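To start, the structure under review is shown below, and the notes come after it.
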Amino acid sequence: MRQVAGSRLDRAGSPLRPRIGAAANLREFQLVPAGRSLDDALALLRREFDAEEGTFLFQLRGDGIQWDRVAFTRLERAMRTVCERLHDEEKLDRWLAEGFYYASRFVRDWTSHPSFPRPEPPQFHEDCLARLEDLADWFFRGWHVYQEPHVWPDL
């Protein structure tokens, strides 16, 4: 069973995530392959899980209430990178665990409201929701349910 740690330090006592200033810009996190650095992925997820302006989670709830495909792809790739890089870790930061849990539950609940402008086609929306749940499952277990070698297709 993996443990969630309250501290934000790795095993060597170093900060697990980089500090992000208020002027941080999402353009720093352009769409990159799943092999992105762990630090970049953690920085992006911190912004996402804090629902900062311009992030996917912010846009779901903000004034515009929209499903931004590019922002979703950034979120999904960062989550996938973290799963790939931290799958052997026994302890996980609480903020990261809360974020994975929240993203996997909130997005489905919020976007299933009849008035929410879901992306088309409907299968794309369902595939995205399933991906968030698969990634959360992988994050908490340390392994995914797909037979290796598994290639995560872009959505």
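The values are calculated or read from the model by the stated rules, or taken from the named source; none is laboratory data. Because the structure is a prediction, the values reported are computed rather than measured. With ideal geometry, Cβ positions are generated from the backbone for all residues, glycine too; neighbour counts draw on all protein chains shown.
Quick notes
- Of all the listed residues (Phe139, Phe106), the sole one being hydrophobic (A, V, I, L, M, F, W, C), in contact with a helix residue (DSSP H, G or I) (Cβ under 6 Å, 6 or more places away or on another chain) and in contact (Cβ under 8 Å) with a residue 40 or more places away in the chain is Phe139.
- Looking across region 64-95 at every residue that is assigned to a helix (DSSP H, G or I) and touching a residue at least 60 places away in the same chain (Cβ under 8 Å), the one that is surrounded by the fewest Cβ atoms within 10 Å (Cβ to Cβ) is identified as Arg94.
So that you can scan it fast, the table gives a plain yes or no per residue for (1) among the hydroxyl-bearing types (Ser, Thr, Tyr); (2) under 16 Å from Glu84 (Cα atoms):
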residue	(1), (2)
Trp95	no, no
Tyr102	yes, no
Ala130	no, no
Arg141	no, yes
His144	no, yes
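- Selection status of Ala51, at positive phi and not polar (S, T, N, Q): yes
- Residue check for Leu42: modelled with pLDDT of 95 or more, out of contact with any Phe, Trp or Tyr (no Cβ under 8 Å at 6 or more places or on another chain), farther than 18 Å from Asp134 by Cβ and buried (at least 17 other Cβ atoms within 10 Å of the Cβ): yes
- Meets criteria (farther than 20 Å from Glu48 by Cα and either touching a helix residue (DSSP H, G or I) at 6+ places or on another chain (Cβ under 7 Å) or in a helix (DSSP H, G or I) (or both)) for Gln123: yes
- Residue check, Asp109 acidic (Asp, Glu), over 14 Å from the mean Cα position of the chain (by Cα) and under 16 Å from Asp137 (Cα atoms): no
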